[in-house]
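Taking it in order: structure first as structure tokens, then the write-up.
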Amino acid sequence: MRKFIKKILPKPIVSVAKVLVTRTKLAFLTLTQKSRFLSSFYYLVSNGFSSEHQAVIKGRKAYYDSLKDIGETCALLRRNTHRLEKGLIMRPRRRVFAEGFIQETVDCYKDAIKASELAQTEKKWATDVLDEYFKIIGSTTLIEYARKVYLEARQQHPESFETAAEFPSEGAAYKPYLYEKLPSVDISFDELKQLFIRRRSVRWYQDKQVPLNLVQQAANIASFAPSACNRQPYRFLFCNEKEKAITIAKCAGGTKGFADNLPAMIVIVGDLSAYPYEKDRHLIYIDGSLAAMQLMLALETLGLSTCSINWPEVDANERKIRKVINLKDYERVIMLLAVGYADPSGGIPYSQKKLNQLILEDISQ
Ligand SMILES: Cc1cc2nc3c(=O)[nH]c(=O)nc-3n(C[C@H](O)[C@H](O)[C@H](O)COP(=O)(O)O)c2cc1C
């Protein structure tokens, strides 16, 4: 409609109209930025945030639903197991801790341990940490009641979980360990710098398939990235079918001119069902991006180059991509990642980096 009006009106009128629209917008912004109430009014009129609002609400609802019907992962159990581990390593460790959430944890554990879909590794982590917690914790009425619930659940599900440990562990248990047990690292600063220099946004690729197993390998170690309360609220959706990869790439605006040569794409998706409160809604972007960075570097070490592709909030693009890939209502695209074997004769923008003093400020004094 806008395009049509633009076409039929004389150019000077279009220019005047543009100036008027910009001025009106600015006046509206100037007024509505003055208070929270007016800002909320602004977003009643503008729909700039509406799809995020809805996804956040859908995520919160899905969070509560997921506790009734536990699937492959359980955000609450992951969060609380993490909180217990923090209590276990506290200095000095308190005689009694986690009283505020231990009942919620064991109630969740009771359902989780019998959930057939829940990952063995997640069951093992919660079990090993709860075993340790109840071994060392002081006694209070609340804790004894939680212990009873836990022991009953364990009696009904006494299985031990035969899963390999990726991190140092005592007797293969998934529970806190000492820093000194961590392996030393042979990578020097200069070697790491080389890797960082080598990782550049690559837009021109060889016409060569990207093997799934390499991406799996990279994704596995990308998942060692930190995430808030270790919930890891993201997924990597990988496509190395060229035509589909190009269709995905074209859903984003930032691939114009080079989308047709992209051999594979990864869609990095955030899961808002990991949170009961909207205050945590940004964590999908933070945790997803931290993992994405590790993924890019891991791919680089396997000889694969990448290019991050922006995913601004554009309803039309959202509709397009949802036709190509299956996304839950509460899942949000964080960004896309082109991946492939770089064409050695393809150009790389210099992309000068900001000076150190612009990105690091010493605020010690
Ligand atoms: C979140 C994000 C979104 C990006 N979106 C695009 C994009 O849509 N199209 C593109 O060609 N490059 C995109 N890039 C790549 C940047 O242009 C690139 O990282 C930057 O210019 C620095 O270059 P370098 O990655 O080689 O250091 C994106 C990068 C990031 C981190």
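Along the charge dipole of the chain, which of Met1, Ile334, Ile221 sits closest to the positive end, that is, farthest toward it, with unit charges on the beta carbon of Lys, Arg, Asp and Glu (+1, +1, -1, -1)? It is Met1.
Here the Kirkwood formula, the inverse mean of 1/r across different C-alpha pairs, assigns the chain a hydrodynamic radius of 24.3 Å. Evaluated over region 108-234, the count of Lys pairs having alpha-carbon atoms less than 12 Å apart is 4 (only pairs 8 or more residues apart or interchain). Its residues counted as N, region 189-271 yields a C-alpha radius of gyration over 2.2 N^0.38 Å of 1.26. In the context of the full set of protein chains, residues of region 220-365 present 52 Å² of accessible surface per residue (probe radius 1.4 Å, heavy atoms only). By the rule of a C-alpha distance below 26 Å, with chain neighbours fewer than 8 residues away ignored, the lysines paired with Lys7 are Lys18, Lys25, Lys256.
Taking the charge dipole of the chain about its Cα centre, with +1 at Lys and Arg Cβ atoms and -1 at Asp and Glu Cβ atoms, the residue from Ile268, Leu130, Ile70 reaching farthest to the positive side is Ile268.
Considering only trypsin sites (Lys or Arg not before Pro) in DSSP loops that have at most 13 other Cβ atoms within 10 Å, the longest stretch of the chain without any of them is 257-352.
Computed over the alpha-carbon atoms, region 101-197 gives an Rg to Rh ratio of 1.15, Rh here being the Kirkwood radius from the mean inverse distance.
Calculated on the Cα set of region 191-340, radius of gyration then Dmax: 14.9, 45 Å. Rg and Dmax, both from the Cα atoms of region 322-365 and both in Å, are 19.4, 54.
Sparsely packed loop sites in region 267-365 (the GluC sites (Glu not before Pro) outside DSSP H, G, I, E and B with at most 14 other Cβ atoms within 10 Å) comprise Glu313, Glu361. A straight chain from Gln194 to Ile57 at 0.36 nm per residue would run longer than the Cα-Cα distance by 45.0 nm. Among the chymotrypsin sites (Phe, Trp or Tyr not before Pro) within region 37-128, those in coil by DSSP and having at most 12 neighbouring Cβ atoms inside 10 Å are Phe49. When only the Cβ of Lys, Arg, Asp and Glu is charged (+1, +1, -1, -1), the dipole of the chain relative to its Cα centre reaches about 2040 debye. Within the straight-line cut-off of under 19 Å between alpha carbons, the aspartates and glutamates reachable from Lys3 are Asp315, sequence neighbours fewer than 8 places apart in one chain being disregarded. Taking max minus min of the alpha-carbon positions on each principal axis, region 252-362 gives extents of 46, 45, 27 Å, largest first. Under a Gaussian network description of the chain, with springs only between Cα atoms under 10 Å, the residue in Leu192, Leu29, Leu237 that fluctuates furthest is Leu29.
The values are calculated or read from the model by the stated rules, or taken from the named source; none is laboratory data. Remember, predicted model here, so these are calculated numbers, not experimental data. Quick reminder, even Gly has a Cβ in these numbers, built from the backbone with ideal geometry, and neighbours come from all protein chains shown. The accessibility values were calculated without ligands, DNA or RNA, using every heavy atom of the protein model including side chains. Shrake-Rupley method; radii C 1.70, N 1.55, O 1.52, S 1.80 Å.
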